[in-house]
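Novice: Here it is, the structure, as structure tokens.
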């Protein structure tokens, strides 16, 4: 049976979504093509009708991860788009959601930065380029808020803020749930909101 281009596009999107979830949970090295196809409800043999390689799939999945994250923060993007609104509350809300037990406990739905930072140093250049682009976009979104609130060093503070956010979530996940993990998140959020005056 032959399928149309619309069916092929839907199947490809399903595979990429499945890959994004599996890669965030286990890392790109521990996820096989068979795992991804099985999670998408497909057979392993159909993979190469959609992708040239596992590396191509990983690169595309990284884009989807960043898009998913951006769709989960509409208030933050709305504050950036509005010239009239004070963006401080939206940035604070974004940071509270990012540096949270919920984000720590749901890596399959979260930001790819803390999930993949250590893995991508050993991955393909294409995946690293996509990862770097996502990092740059998130950093520039925070920088835009800091410019609007007259921060003295918006570029440097945005880079430092993202590094702290990502590091806090990664460390909180590494030590697992509990008082130490919660303290990492709490203290990082308190430090950032105080320093950025939000």
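Novice: Please count how many residues of region 173-190 are more than 17 Å from residue 94 (Cβ to Cβ) and assigned to a helix (DSSP H, G or I).
Specialist: The number of residues fulfilling the criteria is 10.
Novice: If you don't mind, there's one more thing I want to ask. Please note which helices (runs of 4 or more DSSP H) are completely contained in region 37-134 and include at least 2 residues that are crowded, with 21+ Cβ neighbours inside 10 Å and modelled with pLDDT of 90 or more.
Specialist: By residue number, 54-71, 88-98, 101-105, 112-120.
Novice: With the requirement that a residue be assigned to a helix (DSSP H, G or I) and more than 19 Å from the chain's Cα centre (by Cα), what does region 22-36 give you?
Specialist: 33, 34, 35
Novice: Here's a follow-up. Can you find a residue that is surrounded by fewer than 16 Cβ atoms within 10 Å (Cβ to Cβ), within 19 Å of residue 90 (Cα to Cα), in contact with a helix residue (DSSP H, G or I) (Cβ under 8 Å, 6 or more places away or on another chain) and touching a residue at least 60 places away in the same chain (Cβ under 8 Å) anywhere in region 145-164?
Specialist: yes
Novice: If you don't mind, there's one more thing I want to ask. May I ask you to list the residues in region 22-36 that are in contact (Cβ under 8 Å) with a residue 12 or more places away in the chain, surrounded by fewer than 21 Cβ atoms within 10 Å (Cβ to Cβ) and within 28 Å of residue 137 (Cα to Cα)?
Specialist: Scanning region 22-36 gives 25, 27, 29.
Novice: Only one residue in 102, 108, 55, 60 is farther than 25 Å from residue 168 by Cα and under 16 Å from the mean Cα position of the chain (by Cα). Which one?
Specialist: 60
Novice: How many residues does region 146-169 contain that are more than 19 Å from the chain's Cα centre (by Cα) and in a helix (DSSP H, G or I)?
Specialist: Number satisfying all stated conditions: 7.
Novice: Between a residue in region 177-198 that is without any contact (Cβ under 8 Å) to a residue 60 or more places away in the chain and on the phi < 0 side of the Ramachandran plot and any residue that is surrounded by 16 or more Cβ atoms within 10 Å (Cβ to Cβ) and in a helix (DSSP H, G or I), which pairs come within a Cβ distance under 7 Å, given they are 6 or more apart or on different chains?
Specialist: So the pair list comes out as 184/168; 184/171; 184/172.
Novice: Give region 40-59 a look and list any residue that's closer than 20 Å to residue 116 by Cα and without any contact (Cβ under 8 Å) to a residue 60 or more places away in the chain, or say none.
Specialist: Matches in region 40-59: 53, 54, 57.
The values are calculated or read from the model by the stated rules, or taken from the named source; none is laboratory data. Because the structure is predicted, anything quoted here is derived from the model rather than measured. FYI the Cβ positions are ideal-geometry reconstructions off the backbone, even for glycines, and counts take in every protein chain you see.
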